[in-house]
Amino acid sequence: MICKQLLVFLLTAIVLSACNSGNSKKVKTKVIPEAQKQKAVHSDKKTKPDASGDSKDKPNTENVFRRYDAVKKILKKWNEAISEHRLSDLENLYADEVSYYSKKSNKQAVLTQKSDWLKIHPSYKQELGYVDVYYDDEDVLGVEFVVQFTKICIENGKKTEIESYLYFRKFGNEWKIVRETDAPTEVNVARKKPVTNLPEGNYNYYTGQWSDTRDVQGFGHDQVPYSVNLNFTIGVGGITGVYHYYSGTARSRTFYLIKSGKIDNGILELHVIYSQVDDPEPEDFDEDAETETWRFKILENKQLFSLSKDEAFYSRALRPIK
């Protein structure tokens, strides 16, 4: 998951800065001077919203950081209202129409469902763990913001952590929750979708986001990109390719070589090996290196939905690049 991956990359960046310049051994990540270097490969039309609030496309575009702050403020209110069982405080936080754990619903139905659930769980409390606020990098004007967070559920002295999501859109002058879900729900729904396969050929997939990192200690960043590129070939000899993860906070890239793979009943299974070199080729991997297995559900629109927790964008979809 990207939020947990971020912690790994923060530590990695710190280690890199302490490395001896005479050390000739390749390291896991490559620090690059420009945070947007990889992004230009995919589209020169996508641009980072002006933090000043000015925009040639939309002169009255709201300052992007005010949007981040507004969404985080609602997240805090939402969490406190549920934890303290003050459901009346949720009334103004949801939009009239809501996607609630992958089912179409409305505000009143959501509030009723939460009320009924809390009545039979009177001791329930919840806390917020790691929080990542972002929007998809294809959403140039920042219309929909997403909060991906660890929801810490506390009941009868037991804590359970759930990777969760809230999606926000602006109605008039107010941001509202338009979708609520979590990773287990999204994975279960994806697994049940119709079976689709990929024929032989070359495939390129990508997903990316702009994240607010002002709260990340020790880094002088504000809004930075994260992305994944997955490029592979399905041929007579099997599946080979390269996976590339970019962290804007650590300003680093991580590569995995796709050693082999298969498609079984609509599931793309990739056997990957961490690469100690950038832009690896098939001959670069060590036969004795540890292999990880990642699985993706092939959706009808040809997107790949990540089913593996070890993959950076777990419980989210990668879109095909033409």
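The values are calculated or read from the model by the stated rules, or taken from the named source; none is laboratory data. Remember, predicted model here, so these are calculated numbers, not experimental data. As a convention, Cβ positions derive from the backbone with ideal geometry for all residues, glycine included, and neighbour counts pool all protein chains shown.
Structure data summary
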read-out: Residues within segment 295-313 that are in contact with a Ser or Thr (Cβ under 7 Å, 6 or more places away or on another chain), under 18 Å from Gly261 (Cβ atoms) and either among the hydroxyl-bearing types (Ser, Thr, Tyr) or part of a loop (DSSP other than H, G, I, E, B) (or both), tallied; value: 3
read-out: When residues of segment 135-178 are limited to those that are under 19 Å from the mean Cα position of the chain (by Cα) and either in the same structural domain as Val224 (by TED's automatic domain parsing) or part of a loop (DSSP other than H, G, I, E, B) (or both), the one surrounded by the most Cβ atoms within 10 Å (Cβ to Cβ); value: Asp137
read-out: Filtered residue count, segment 202-226, keeping only those that are under 30 Å from Ile258 (Cβ atoms), in contact (Cβ under 8 Å) with a residue 40 or more places away in the chain and out of contact with any Pro (no Cβ under 9 Å at 6 or more places or on another chain); value: 4
read-out: Qualifying residue in segment 202-211 (condition: over 25 Å from Val131 (Cβ atoms), outside the structural domain of Asp136 (by TED's automatic domain parsing) and surrounded by fewer than 13 Cβ atoms within 10 Å (Cβ to Cβ)); value: yes
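Residues checked against (1) touching a helix residue (DSSP H, G or I) at 6+ places or on another chain (Cβ under 6 Å); (2) surrounded by 14 or more Cβ atoms within 10 Å (Cβ to Cβ); (3) more than 15 Å from Glu174 (Cα to Cα); (4) modelled with pLDDT under 95:
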{"position": "Ile74", "(1), (2), (3), (4)": "no, yes, no, no"}
{"position": "Trp78", "(1), (2), (3), (4)": "no, yes, no, no"}
{"position": "Glu84", "(1), (2), (3), (4)": "no, no, yes, no"}
{"position": "Leu90", "(1), (2), (3), (4)": "yes, yes, no, no"}
{"position": "Ala95", "(1), (2), (3), (4)": "no, yes, no, no"}
{"position": "Lys104", "(1), (2), (3), (4)": "no, no, yes, no"}
{"position": "Gln108", "(1), (2), (3), (4)": "no, no, yes, no"}
{"position": "Asp116", "(1), (2), (3), (4)": "no, no, yes, no"}
